[in-house]
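Asker: Here it is, the structure in full.
The values are calculated or read from the model by the stated rules, or taken from the named source; none is laboratory data. Every value quoted in this text rests on a predicted model; they were computed, and no experiment measured them. Cβ coordinates were reconstructed from backbone atoms using ideal geometry, including for glycine residues, and neighbour counts include every protein chain displayed. Each accessible area value is taken on the protein alone, full model and side chains, heavy atoms only, with ligands, DNA and RNA left out. Shrake-Rupley method; radii C 1.70, N 1.55, O 1.52, S 1.80 Å.
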Amino acid sequence: MKGNQDSSWADKVVLITGGATGIGKGIAMEMYGKGAAVVIAGRNAETGQEAADSLGARAIYIQMDVRDTSSVNTTVNHIIRTFGRLDILVNNAGIPRSTGIETELEDQWDNVINTNLNGYARCVRAALPFLKESCGNILNIASLVGAIGMENSSSYVASKGGIIAFTKSLALDLAKYGIRVNAILPGWIMTENVSRMHPDRLKLVIDAHPLGRIGTPKDCGKAACYLCSEDASFITGISLAVDGGIALGYGAQIASAYQPTES
Ligand code: NAI
C-alpha cells in the first residue's frame, strides 16, 4: 500500500459530479489518495480530463450535465461497464448564488433548482440500483446557507435547504439497503470564485471565522472521506458543517453585546 492509502478504499468506485474544480476536486484528490477509483463527471471536457489525468490511472472523466436525465444515466452505465460497480455518489455539481426574489427571473430560479436540487435527485435515481448492490454511500454537498439563510440568494438557498431535507428523507428511505446518506455544509471555502473577491472583502470574511481562516477544498475532502468511510458506519442523515465556526456568529458578535445587569 502506498502513502496514506487505506485497504478499505482499494475496491471503492466513486462518482463525483462537478469533480474537476473546487470542492469536488478536493474530494476527488482525498478519495483517490486513499486508493479509490474516481470518476469525475461534469460539463467542461477540458478541465474534466485535465483533473482526471492529474489524479492518475484509476481516475476517468465522463462528460455529463446533471440537468439531463439521459446524460446522467449514460454516465452511470459507463461507470458500470468500466469498473463493474459503484460505491459512493458525491453530489457536488452546482451553480453559485443567485439574486433576491425581487430581481430573479423565473427561468433563472428554475435553472438553479434544476441544477442544484433536481440534479442531485437525478444522480441518486441513476446510481441507486448499483449503490444497493454495494451497500454504498451518498454524500450531498449542500451549503451552510441552506440551514441559516442568506440575503439576495433565494433560489440558491432554497436549493441548498432542499438538499438538507432531501438528505434526511433519503437516509430514512435507503437505510434498509445499508446505504448511508449524509450532507456536508461548507461555509466559506477557498475556491476560484471566492479567490476572486476583493482583498478587503475577503479580509472581512476571514476575520468573521472563529478559527481565523477560510476553509479549503482539502478540508471538505477530509470530511467527505470520513463520512463515506467505515469509521462513520453508524452515521446517516446528518448535515456536517465544515465552516471554521462561522455559523457561531450569533454567539461571537451579537450575544457578546449582552451585558448581564448586576444584582
Ligand atoms: P465550482 O464552480 O468550482 O464547482 C462546481 C462544479 O459543478 C464545476 O466543476 C461545474 O462545471 C460543475 N457543474 C455546474 N453545473 C453543472 C451541470 N449542469 N452539470 C454538470 N456539472 C456542472 O464551485 P465550488 O465552490 O467548488 O462548488 C461545489 C459545490 O459546493 C456546489 O454545490 C456549491 O454550491 C457548494 N458550496 C460551495 C461553497 C464555497 O465556498 N465554495 C460554499 C458552500 C457550498
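Asker: Give the range 128-139 a look and list any residue that's in contact with a helix residue (DSSP H, G or I) (Cβ under 6 Å, 6 or more places away or on another chain) and crowded, with 24+ Cβ neighbours inside 10 Å, or say none.
Answerer: Within the range 128-139, LEU139 is the sole residue that qualifies.
Asker: Another question about this same structure. Tally up the residues in the range 98-144 that are free of Cβ contacts under 8 Å to residues at least 24 places away in the same chain and more than 27 Å from THR74 (Cα to Cα), please.
Answerer: Going through the range 98-144 one residue at a time, the tally reaches 4.
Asker: What strands (runs of 3 or more DSSP E) lie completely within the range 1-63 and have 1 or more residues being open to solvent by 10 Å² or more (accessible area, probe 1.4 Å) and either more than 13 Å from the ligand (Cβ to nearest atom) or modelled with pLDDT under 95 (or both)? Can you show your working first?
Answerer: Working: elements: 13-17, 37-42, 59-63.
Where strands (runs of 3 or more DSSP E) fall fully within the range 1-63 and carry at least 1 residues being open to solvent by 10 Å² or more (accessible area, probe 1.4 Å) and either more than 13 Å from the ligand (Cβ to nearest atom) or modelled with pLDDT under 95 (or both), they are 59-63.
Asker: Also, I was wondering about something else. Restricting the range 168-200 to residues that are of a type in the set (D, E, K, R) and in contact with a helix residue (DSSP H, G or I) (Cβ under 9 Å, 6 or more places away or on another chain), which is nearest to the ligand (Cβ to nearest atom)?
Answerer: Residues of the range 168-200 that are of a type in the set (D, E, K, R), as a first pass: 168, 173, 176, 180, 192, 196, 200.
This time we only want the ones that are in contact with a helix residue (DSSP H, G or I) (Cβ under 9 Å, 6 or more places away or on another chain), so: 180, 192.
On the way: ARG180: 20, GLU192: 6 Å.
Ranking the candidates gives GLU192 first.
Asker: Within the range 67-99, work out how many residues are open to solvent by 10 Å² or more (accessible area, probe 1.4 Å), more than 11 Å from ALA126 (Cα to Cα) and more than 15 Å from the ligand (Cβ to nearest atom). Break it down into steps so the answer makes sense when it comes.
Answerer: Taking the range 67-99 and keeping what is open to solvent by 10 Å² or more (accessible area, probe 1.4 Å), we get 67-71, 73-74, 77-78, 80-85, 92-99.
Now narrow it down to the ones that are more than 11 Å from ALA126 (Cα to Cα): 67-68, 78, 80-85, 92-99.
Restricting the remaining residues to those that are more than 15 Å from the ligand (Cβ to nearest atom) gives 80-85, 99.
The total comes to 7.
Asker: Name the one entry in GLY221, GLY237 that is over 14 Å from the mean Cα position of the chain (by Cα) and either closer than 27 Å to LYS168 by Cα or in contact (Cβ under 8 Å) with a residue 60 or more places away in the chain (or both).
Answerer: Values: GLY221 fails: over 14 Å from the mean Cα position of the chain (by Cα).
After applying the criteria, what remains is GLY237.
Asker: Then there is this: Can you tell me which residue within the range 150-200, out of those that are closer than 22 Å to ASP107 by Cβ and among the hydrophobic types (A, V, I, L, M, F, W, C), is most open to solvent (accessible area, probe 1.4 Å)?
Answerer: Only one residue tops the list, namely MET150.
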